[in-house]
Ligand code: PXP
């Protein structure tokens, strides 16, 4: 089974919001990602709308539906997010805990305690046909508690692995992820993973977690897109400044 890639477009939205206009267009970015082979699109709608906005969701859901791929909405347990998931009919809703002031998600659900608030929300979403996933840390002992919430999937929090990978000493973190994934899978849970994954730390992860169904990747993917695409883009601008008769037809 090839692990699916859901492209998280929050950083594209962040760039758009920085100017208040429509560029870069989220829908266009989603189209390109799907054309390039992504299996789905993820948006994380935060209460402060610093990147994805509520009205971004429906058009991207519609595009995903049209293309026969999945849309994954990430967010916390606030009522407007659940209503948005239900109204737009997202395929998957990944429930993520939030700490006031955090720059990005930085922890999984505090299980088993959080089950009290998670379980009714999971039951409501599942009753509406939306697959639920909950964000959890890679601690094998948590997987039983995760299963008890009624969720269909978990998303393993990979930031500690990604940080360890940068230092070159990541075996313990990878083992924790592999054991957590194996245990979750044995309990009947689907296994997703995400946070700080990139082109370098992804291959060992996928090799160590055969049960991995999907990764969602945003920050590194958008950073790479920027740098990998910069040369061609600068050439195009230089070209645009050059009178047509002086343009070098072999320049591209
Ligand atoms: N998974 C969750 C729960 C997240 O909050 C995020 C960031 O929005 C991601 C995955 C993607 O992380 P990154 O942007 O580091 O790839």
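The values are calculated or read from the model by the stated rules, or taken from the named source; none is laboratory data. Since the model is a prediction, treat every value here as computed from it, not as a measurement. Glycine gets a Cβ as well: all are built from the backbone with ideal geometry, and neighbour counts include every protein chain shown.
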Self-check item: Flag if residue 56 is within 11 Å of residue 43 (Cα to Cα), surrounded by fewer than 22 Cβ atoms within 10 Å (Cβ to Cβ) and modelled with pLDDT of 95 or more
Solution: yes
Exercise. Run down 134, 130 and say which single residue is touching a residue at least 40 places away in the same chain (Cβ under 8 Å) and crowded, with 22+ Cβ neighbours inside 10 Å.
Key: 134
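Kindly indicate whether residue 156 is within 13 Å of the ligand (Cβ to nearest atom), part of a strand (DSSP E or B) and modelled with pLDDT of 95 or more.
When the stated conditions are applied, residue 156 passes them.
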Quiz prompt | Criterion violated by residue 251 - all others in (1) surrounded by 10 or more Cβ atoms within 10 Å (Cβ to Cβ); (2) modelled with pLDDT under 95; (3) assigned to a helix (DSSP H, G or I) satisfied | solution = (3)
Quiz item: List, please: which pairs have Cβ atoms under 6 Å, are six or more places apart or on different chains, and start with a residue in the range 64-82 that is in contact (Cβ under 8 Å) with a residue 40 or more places away in the chain and end with one that is assigned to a loop (DSSP other than H, G, I, E, B) and within 13 Å of the ligand (Cβ to nearest atom)?
Solution: 74/96
Self-check item: Total residues in the range 160-203, condition assigned to a helix (DSSP H, G or I), more than 13 Å from the ligand (Cβ to nearest atom) and touching a strand residue (DSSP E or B) at 6+ places or on another chain (Cβ under 8 Å)
Solution: 5
Practice problem: Being in a loop (DSSP other than H, G, I, E, B) and under 21 Å from residue 155 (Cα atoms) narrows it down to one of 113, 101, so name that one. | Solution: 113
Quiz item: What is the residue count in the range 130-147 for residues that are within 17 Å of residue 160 (Cβ to Cβ) and either touching a helix residue (DSSP H, G or I) at 6+ places or on another chain (Cβ under 6 Å) or in a strand (DSSP E or B) (or both)?
Solution: 5
Practice problem: Output the number of the condition that residue 105 fails; it satisfies all remaining conditions of (1) surrounded by 18 or more Cβ atoms within 10 Å (Cβ to Cβ); (2) under 20 Å from residue 190 (Cα atoms); (3) within 11 Å of the ligand (Cβ to nearest atom). | Solution: (2)
Exercise. Restricting attention to the range 205-233, report how many residues are near the ligand (Cβ under 10 Å from one of its atoms) and either exposed (fewer than 15 other Cβ atoms within 10 Å of the Cβ) or in a loop (DSSP other than H, G, I, E, B) (or both).
Key: 2
Quiz item: If you go through the range 172-204 one residue at a time, how many are without any contact (Cβ under 8 Å) to a residue 60 or more places away in the chain, within 15 Å of the chain's Cα centre (by Cα) and buried (at least 18 other Cβ atoms within 10 Å of the Cβ)?
Solution: 5
